[in-house]
Amino acid sequence: MSKRSKIGWLVTALIAIAATGSKAKVLRSSSGALAVFVFKGADELRCFKALKASTTEAIQPLLACEAPQGSNVEVLGSGHRTAFVKIVDGLAFGCQGTVPIDYAQNR
């Protein structure tokens, strides 16, 4: 096997691993609201949980976007409590941010 074909095989294998590493899910919140808050990051999600009054003015700077319930998402990374997702369809297409881990549900 030539050096060029070894590199090509390695690149192909890495792309395949990366493609299967992310998981397609559906975005659903437990509140049943029409929209799900997608936060800029885990720190913003913690700030939201600590807010006493959830006014639109207080929440807006923390949000990456609001996505409709049932939006298809790709989980780009996750921890014990949060998932970093990318919206892959609908009105919030392309938005990336953090949601509670239980909001990224199997289809």
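Model label sites at Val26 and Ala50, defined 7 Å from Cα along the beta-carbon direction, differ in position by 3.5 nm. Pairs over the 19 Å Cα-Cα cut-off, from the set Lys23/Lys49; Lys49/Lys86; Lys23/Lys86: Lys23/Lys49; Lys49/Lys86.
Laboratory data are not the source of any read-out in this text; all were calculated from the coordinates shown. Treat the numbers as computed from the prediction; the structure is a model and nothing was measured. Note that each Cβ is placed from the backbone with ideal geometry, even for glycine, and that neighbours are counted across all protein chains shown.
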